[in-house]
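**Student:** Structure provided below as structure tokens; questions to follow.
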Amino acid sequence: VDPRHAKYFKMLKMHIPRPAIEAKMRAEGIDPAVLDNPLSPIIETSSLTETTLSKKEPILKDHPKYGKYITMLKMHIPKAAVQAKMQNEGLDPNILDFDPLKPLPTSFTGPPLKEHSIFGKYFKMLKLHLPKGAVASKMSSEGYADYVGVLDHDADMPLPDKYKVMLSGGIEKTNIKEKTQNQNHQKPKKPNPKPRVPMRSLFWSKIDDGQREKTVWKNLSDDSIDLDQQILDALENDFAKNKKKSPEEQAEAKKKDEKKSGDQGKPKEVGLVDPKVSQNVGIALKKIKMSNTDLFEAIVTLDEQKLDIHKTELLLKSCPSAEDAGIVAEWISDPKNNDLRALGQVESF
């Protein structure tokens, strides 16, 4: 193999699509026919006539990559369905609009986008599974905001004519960057209102002016938005780092703090009743849902609204035995046990 041909055969071994390699060879002035004969000398494409080249190019219906989609159209599969399949497979569906009996147009020749001197690195980012939006933002930040549509095209296809015209017209990276900077420089600086309280952080993806044109923000301006001060106050309160509490929330918080401070001085709880008995009585008390003081008052006053039949039956089943009552009474009578808060829930009941 001629040393000057070696890199193309290496690309074949790396499973790079042959049409892409042939396009690169033509761009570099080498006849793609070399791939069929490794021992042939280099043939400069400039020495070949256009007719000879066209004979080497397969017609679209026989193209190794796109021929199957032409076959699908012949089988009367809807064109929209074939285009959708091409898009899913990362190919340009516009190819179906060309004559299937002719080779691909010259606009589809040249190095593939993934090997393009400017845009190749962005397709490499996509291949590394970086989000398309992040790659588009990277392009915009590097001065290629007008070219983000390139990412919608097949990586194995050459740069579309639209962008070739833009590049040939001198709209290059530096000019785009300067143009964007000049536009930003001419825009009046927007006011930066400061909230009255520290706010929580809001995480979003920033877009620049090139991308803004395709969003709802294009037709919105600060002058067209008039928010009531009450709405702004509510937003400040809802998204503040330390949200202001309502009177009810403040009262509830105060109640919890008082209970917490009271529990800190509470002695260690004492359990005197058999654990199984204590568990059953505790379950019954949770169903009754009354404090010992309220329960005592309801029993003494025979309050039928607070003590219905169901709760009365639970009380009867939970009545302490003479032995349990005696154990509790003995503990209370001991002078050393002067803090009744040490009694457990069941013992207090």
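The values are calculated or read from the model by the stated rules, or taken from the named source; none is laboratory data. Just so you know, these numbers come straight off a predicted model, no measurement behind them. Methodologically, a virtual Cβ is constructed for each residue, glycine included, from the backbone with ideal geometry; neighbour enumeration extends over all protein chains shown. Each accessible area value is taken on the protein alone, full model and side chains, heavy atoms only, with ligands, DNA and RNA left out. Shrake-Rupley method; radii C 1.70, N 1.55, O 1.52, S 1.80 Å.
**Student:** Are there any helices (runs of 4 or more DSSP H) wholly within region 150-238 with 1 or more residues that are modelled with pLDDT under 70 and of a type outside the set (F, W, Y), and if so which?
**Tutor:** Hits in region 150-238: 161-168, 173-186, 209-212.
**Student:** Okay, next question. Do any residues in region 282-303 that are closer than 14 Å to Q345 by Cβ have Cβ atoms under 7 Å from those of residues that are of a type in the set (S, T, Y) and assigned to a helix (DSSP H, G or I), where the two are at least six apart or on different chains, and which pairs are they?
**Tutor:** A284/S318; N292/S348
**Student:** Give me the pairs: first residue in region 238-256 and within 28 Å of S201 (Cβ to Cβ) and surrounded by 10 or more Cβ atoms within 10 Å (Cβ to Cβ), second residue of a type in the set (K, R) and modelled with pLDDT of 80 or more, beta-carbon distance under 6 Å, and six or more apart or on different chains, which are they?
**Tutor:** Matching pairs, first to second residue: F239/R200.
**Student:** Name the single residue, out of those in region 122-149 being assigned to a helix (DSSP H, G or I) and of a type in the set (A, V, I, L, M), that is farthest from K24 (Cα to Cα). Quick ask: steps written out before the conclusion?
**Tutor:** Of all residues in region 122-149, those assigned to a helix (DSSP H, G or I) come to 122-127, 132-141, 145-149.
Filter again for of a type in the set (A, V, I, L, M), leaving 125-126, 134-136, 139, 145, 148.
Values: M125: 21, L126: 21, A134: 28, V135: 25, A136: 26, M139: 24, A145: 26, V148: 23 Å.
The qualifying residue farthest from K24 (Cα to Cα) is A134.
**Student:** A follow-up question, please. Are there any pairs, at least 6 apart or on different chains, whose C-beta atoms fall under 9 Å, with the first in region 135-162 and touching a residue at least 40 places away in the same chain (Cβ under 8 Å) and the second among the hydroxyl-bearing types (S, T, Y) and open to solvent by 30 Å² or more (accessible area, probe 1.4 Å), and if so, which?
**Tutor:** S137/S205; S140/T180; A145/T180; V148/S137; P158/T109
**Student:** What pairs can you find where one residue is in region 74-93 and modelled with pLDDT of 80 or more, the other is open to solvent by 40 Å² or more (accessible area, probe 1.4 Å) and among the hydrophobic types (A, V, I, L, M, F, W, C), and their Cβ atoms are less than 9 Å apart, with a gap of 6+ or different chains?
**Tutor:** Going by the 9 Å Cβ cut-off, the qualifying pairs are K79/L73; V82/L73; K85/I77.
**Student:** Enumerate the pairs (first residue in region 57-72 and in a helix (DSSP H, G or I); second residue anywhere and at pLDDT 85 or above and of a type in the set (V, I, T)) with beta-carbon separation below 8 Å, excluding pairs fewer than 6 apart on the same chain, so at least 6 apart or on different chains.
**Tutor:** L60/I70; K61/I70; K61/T71; Y69/V82; M72/V82
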